Amino acid sequence: MTVQTTLPIPRKSLGFRPRRLILIGGSARAAAASARAAGMAVAAIDLFGDQDLRAVAEPWVRWNPSEPLVDPLGRLFSAAPDVPTGIVLVGGAESAAESLDDARRRWESDRVRFLMPTASQLRAASDPAVLQTIAQTGGVAFPNWCDVDRTRRSSCAVDETQHWLVKPRMRCGGLAVRDYRGQADTDDKPQPSGYLQRFVSGQLLGVSYCATADSVHCLGVCLGRSGGARAAPYRYAGSIGPLPITADLLAKLHRLGEAIRATLELCGLFGVDLICDGSQIYLLEINARYCASMELLDNGSQNCLTLHCRAFASSDSPLETHADDRPHAVEGVRGKRIVYARRRLVWDPERQRTLGAFLRQPHDAHTANPISAHDLPCLGTVIEAGSPLLTLTGRDDTVRSLWRQLTCQSIRLRGMLEA
C-alpha cells in the first residue's frame, strides 16, 4: 500500500539549501530555537507569538486558522524575496493541509520549497485504516478501532464493557480526545470525521525519525506525559528524554519507521506515538512533521531541523545521526512540562515579575538542577482557562526525579501566577 499524492513530493528539489525557514503551526517556539541554533534565519506563523519566539523569529505573523495561508506566506516571501526559504510544518497546522497545498501551488519556486508532506499524505497519516496497515507491516499492534459511520449503522460491534476513546483526525496534542460513554450518550458522539479506538494502557513513547528517499533513521525516544485535568485527560503535558534503548528495541523501531516511510512516502522529520504495555508495542499516531519532543534531542552533534533540510536536499547521501549507532549512550535526561492555566488571566507586568522571582529563587531538595521557562506570553496576552501558560524545562539524572521536579515546580509556579 502506497499513498497517492496529489502534488509532487518536494524531496525532488535536490541541492536546495535554505538560509531561512518559515515555520507554520500552533506553537513554533521550539522549532524556531532549533533553526536558529543551526544558523538559519527564522520567520513564523503561529497562534501565540510568545516572547521567546518573537525574539528569534523576524517577522512573526499570527495564524488565523479560518483564513487561507496564501496571503500571509506571500507577505513573508516579499520581505526577503531573494533568500532561499524552506516552509516547515510544526504541530497544530494539520487542519490547514488543503490551504498549505494551495499555497504550495501559488508560491513554490526555485527560491521557495515546501519542506513538508502534502495534504493527501497528512490525511493518510491520520487514517486509522492506513495506520493499521502500517502497524501490520511494521511488526507492531494497532488497537481495535471502529469508524464512526459504521458505528452509527451498528455494523461494527463496540463492546461497551471495554474502555473506548473518541479520536478526531488531523488534530494533535491529544486535543479533543475523550472517553466514549456509549451510543446512548448523544452528546459524546464523535464528529463524522472521527473514529473510536479501544483504550490501551501502558507507557507512552514518542519516537522521532528522519527519512530520506530510501532510508529512515531513528533520532531518539522520549517518554510522553498526558493528562493533568479532568476536562482534558489525554492532552499532551510534556516529555522526557532521550531514553536509553536496547539494540532489540531499536531494530523494532527501525522496522516500523521503514514501514511508515515506504507507505506514506515521507521525507524529513516525523514522529510516532507508541504505547508499550510490557509485552506488546501499539502504534497510536503518526505525526508527519516536527514534533514537540524533538527539542529534547537537539545537542552539539545533532540538530533535528538541520537533518530535516538535509533530507529534502539529497536522496543519496546518508544522514549523520547518532541514535542508531549508540542506543545505550545517554547521560541524563532533559524534560519539558507544559503549565496550563486553571482560570482566565491576563499576562501583566506583575506576573512577569513573579516569574522572574521564581526563576531566581535558590534551589531546594526538589530542584537540584536549574529550571528554565519558555513559551512566555507577551504582556497583555489573555490566557483562557485550559490554555497553555508557559513551558518549564530542566535536566536531571533520572526520568522519575526530573518529572517529579518539573511537576512540583509547575504546581508551585501556577499557584503563584494565579494568586
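Derivation of every value follows stated rules applied to the coordinates shown; laboratory data play no part. Everything quoted here is computed from the prediction, not taken from an experiment. Here Cβ is always computed from backbone atoms with ideal geometry, including for glycine, and neighbour counts include all displayed protein chains.
Quick one: putting +1 on the C-beta of Lys and Arg, -1 on the C-beta of Asp and Glu, what dipole do you get for the chain around its Cα centre, in Debye to the nearest 20?
Details: 49 positive and 44 negative charges, 126 e Å.
The dipole magnitude comes to about 600 debye.
Which label belongs to the value computed from this structure, given these candidates for mean projected area of the Cα convex hull in nm²: (1) 20.5; (2) 29.8; (3) 26.1?
So the calculated entry is the one marked (1).
Amide H neighbours of ILE87 under 5 Å, counting only residues 5+ apart in sequence or on other chains, H built in-plane at 1.01 Å?
Amide H neighbours of ILE87: ILE22, ARG113, PHE114, LEU115.
First select every other residue whose beta carbon is under 13 angstrom from the beta carbon of ARG20; then total the charges, Lys and Arg +1, Asp and Glu -1.
Net charge in that neighbourhood comes out at +3.
Would you list TRP107, TRP347 from fewest to most Cβ contacts within 10 Å?
Fewest to most other Cβ atoms nearby, the residues stand as TRP107, TRP347.
Check ARG178: other-chain or 5+ apart residues with amide H under 5 Å from its amide H, H built from backbone geometry?
The list, which skips near neighbours in sequence, is VAL166.
Fully extended, how many nm does the chain gain between ARG342 and GLU98 (0.36 nm per residue separation, minus their Cα-Cα distance)?
Full extension from ARG342 to GLU98 adds 84.4 nm.
Do you know the relative contact order of the chain, to the nearest whole percent, from alpha carbon pairs under 8 angstrom that are 6+ apart?
For the chain, the relative contact order is 16 percent.
Viscosity 0.692 mPa s, temperature 37 °C: Stokes-Einstein D of the range 333-417 from its Kirkwood Cα radius, in µm² per second?
Rounded, D is 250 µm²/s.
If we count every other residue with Cβ under 14 angstrom of ARG289's Cβ, Lys/Arg +1 and Asp/Glu -1, where does the sum land?
Taking every Cβ under 14 Å from that of ARG289, the sum is -3.
Projecting each Cα onto the charge dipole of the range 333-417 (Lys/Arg +1, Asp/Glu -1 at the beta carbon, about the Cα centre), which of PRO349, GLN361, VAL399 comes out farthest on the positive side?
VAL399
Assuming 0.36 nm per residue, please report the length gained on full extension of the stretch ASP82 to MET416 beyond their Cα-Cα distance. List each step's numbers first, then the result.
On the way: separation 334, 0.36 × 334 = 120.24 nm, distance 4.74 nm.
Result: 115.5 nm gained on full extension.
Quick one: net charge of SER120's neighbours, Cβ under 14 Å, K/R +1, D/E -1? Mind showing how you got there, number by number?
On the way: positive: ARG104, ARG105, ARG123, ARG169; negative: GLU94, GLU98, ASP101, ASP102, ASP127, GLU265.
Once positives and negatives cancel, what remains is -2.
Just going by the charge dipole of the chain, with Lys and Arg at +1 and Asp and Glu at -1 on Cβ, which of ASN303, GLY224, ALA80 is farthest out on the positive end?
About the Cα centre, the residue reaching furthest to the positive side is ALA80.
In which sequence would GLU94, GLU418 go, from the one with the fewest C-beta neighbours within 10 Å to the one with the most?
GLU418, GLU94
Can you put HIS308, HIS217, HIS254, HIS163 in order, fewest other beta carbons within 10 Å first? Mind dumping the intermediate values first?
On the way: HIS308 29, HIS217 21, HIS254 17, HIS163 12.
Ranking HIS308, HIS217, HIS254, HIS163 by Cβ neighbours within 10 Å, fewest first, gives HIS163, HIS254, HIS217, HIS308.
By how many nm would the segment from SER279 to ARG400 lengthen if fully extended, with 0.36 nm per residue of separation less the alpha-carbon distance?
Working: separation 121, 0.36 × 121 = 43.56 nm, distance 2.18 nm.
Stretched fully, the SER279-ARG400 segment lengthens by 41.4 nm.
In percent, what relative contact order does the range 19-114 have, based on Cα pairs under 8 Å that are 6 or more apart in sequence?
33
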